[in-house]
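Step one of this worksheet: look at the structure below.
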Amino acid sequence: MNDTPGWASPGSAPSDGQEPGTSTPPEPAGRPGGTQPADRPATDPPRPGTQWSPQQPPPGQWSEPTGPQNPSRTPPPPLPGPGWGTRPPTGAGYGGPTGPGGWGGGWGGPPPAAKPGVIPLRPLGVGEILDGAVSTMRTYWRTVLGISLTVALVVEVAVVLLQGLVLDESTSTAALGDASATVDEQLDAMGAVLLNSGVIFLVSLVGTITATALLTAVTSRAVLGKPVTSGEAWRDARPQLLRLFGLILLLLLAVTAVAVVCVLPGALLGGAAGDALTALGSIASVVAAVSLLVRFSLASPALMLEKQGIKKALTRSAKLVRGSWWRVFGIQVLSLLIANIVAMIIAVPFALFGAALSPGGLSSFTDADTELGWTYLIVSGVGSVIGSLITFPITAGVAVLLYVDQRIRREALDLDLARAAGVQGYGTTTPGTPARS
């Protein structure tokens, strides 16, 4: 007899006081091929109507049951053999590590994203965005190096000439280190320093905007795996360049206005209460400025790539950043930290070397009224140029790839990019498929 529950001979019934399905039911007397119980005589006749029919088939024609008698009870599963058992059919949708489609040869999974260029055409991680910017530099280094080097040289030459011929002669900071200087003298010195820094900042900003515009065209083509020359990048960026300057100027004015609104009440109030209000206003201005800049951080690539106006670009950036503010903020800050740390590692040794070659040496830079010599300006300028070769491509590349990533997540831009790159059969969808979020 098979002792597995649920398996029984035809016509059998449970013994007295025993539930159906027990593992060891007593064998009925008279069953062909069965054994007689020890406590029952062999001559005990079967009870018709309860266990066995009086009309029995001839001996030797019994066969094992092929299924359970009770439909509600199923046979036990077969014992597991070595391995994972029978493989599901191809296209079952289960992924795994082995075979072309997953667990085993026929286990289907999502196909890998197409990668015609520097990034895969799917939502990107932080590392993939940074790697895409670096891959653009490495793959199209001739174009990227040519644009970055040209812009950095022009900017540094202008800065060195301004500092050596104009600003250094008109700027005196001696009053800042003189305890006996009057308030007016210290204010004049601070104004001269701010003017010096402001002019240098504006020149550097012009160069940064120009490099960003040109490198945006390079990175957008790199996503499709298509090379672009410096001339093609310039022809593509030139129609939008003035709008890009207007966009950056508008953002700077907005940040300045926010700072003034936050700090002005405390400055007007004066006294201890005014100082406390000014401190709180300063903190609030920083928070508001950062929030504003992150919200519109994708306006630059939107303006350059979508060929839109300033207002439309700002609206597009706000829409793409909505719901992902912290992610955009984190990626932007991380890329700026990486780029500027690398640039400082390169530029600081040049600045120290230039100071050491100056007439007064390194000790002369502790004096507040020290004039910057040409040797220092030229040597430190070389370090700044080399550092700009790193900062320009990384900051511009991350901004473009972050814009592409947000559009892939929100608008399924990867389908359009795949078609533009000539990828065959990628992203076939039915009408009405919702965009990704």
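Computed from the coordinates by the stated procedures, all read-outs in this text should not be read as laboratory data. Worth saying up front: this structure is predicted, and the values here are computed from it rather than measured. Quick reminder, even Gly has a Cβ in these numbers, built from the backbone with ideal geometry, and neighbours come from all protein chains shown.
The eigenvalues of the Cα gyration tensor, multiplied by 5 and square-rooted, give the stretch 126-421 an equivalent ellipsoid with semi-axes of 37, 27, 16 Å from largest to smallest. When only the Cβ of Lys, Arg, Asp and Glu is charged (+1, +1, -1, -1), the dipole of the stretch 126-421 relative to its Cα centre reaches about 2060 debye. For Thr391, Thr315, the sequence from fewest to most other C-beta atoms within 10 Å is Thr315, Thr391. Label reach from Ala276 (point 7 Å along Cα→C-beta): in the stretch 235-265, amide nitrogens under 17 Å belong to 265.
Ranking request for peptides 378-384, 392-398: highest mean number of other beta-carbon atoms within 10 Å first, then the rest in descending order.
Working: 378-384: 20.6, 392-398: 25.3.
Most protected by this proxy first, the peptides run 392-398, 378-384.
So which lysines pass the test for Lys311, namely a Cα distance under 21 Å, with those fewer than 8 places away in the same chain ruled out? In chain and number order, the partners are Lys319. Considering every alpha-carbon pair of the stretch 251-405, the percent of pairs per 5 Å bin, from zero through the bin containing the longest distance, is 2, 9, 12, 11, 12, 11, 13, 14, 11, 5, 1, 0. Working from Cα pairs under 8 Å separated by at least six residues, relative contact order for the stretch 126-421 is 27 percent. Quick check: the distance between the Cα centres of the stretch 195-229 and the stretch 336-355, to the nearest angstrom? Their Cα centres are 20 Å away from one another. Gain on full extension, evaluated as 0.36 nm per residue between Glu411 and Trp325 minus their Cα-Cα distance, stands at 29.2 nm.
Which FRET efficiency value, to the nearest 0.05, is calculated for Val348 and Lys226 with the Förster distance at 41 angstrom and r the Cβ-Cβ distance? Efficiency, rounded to the nearest 0.05: 0.60.
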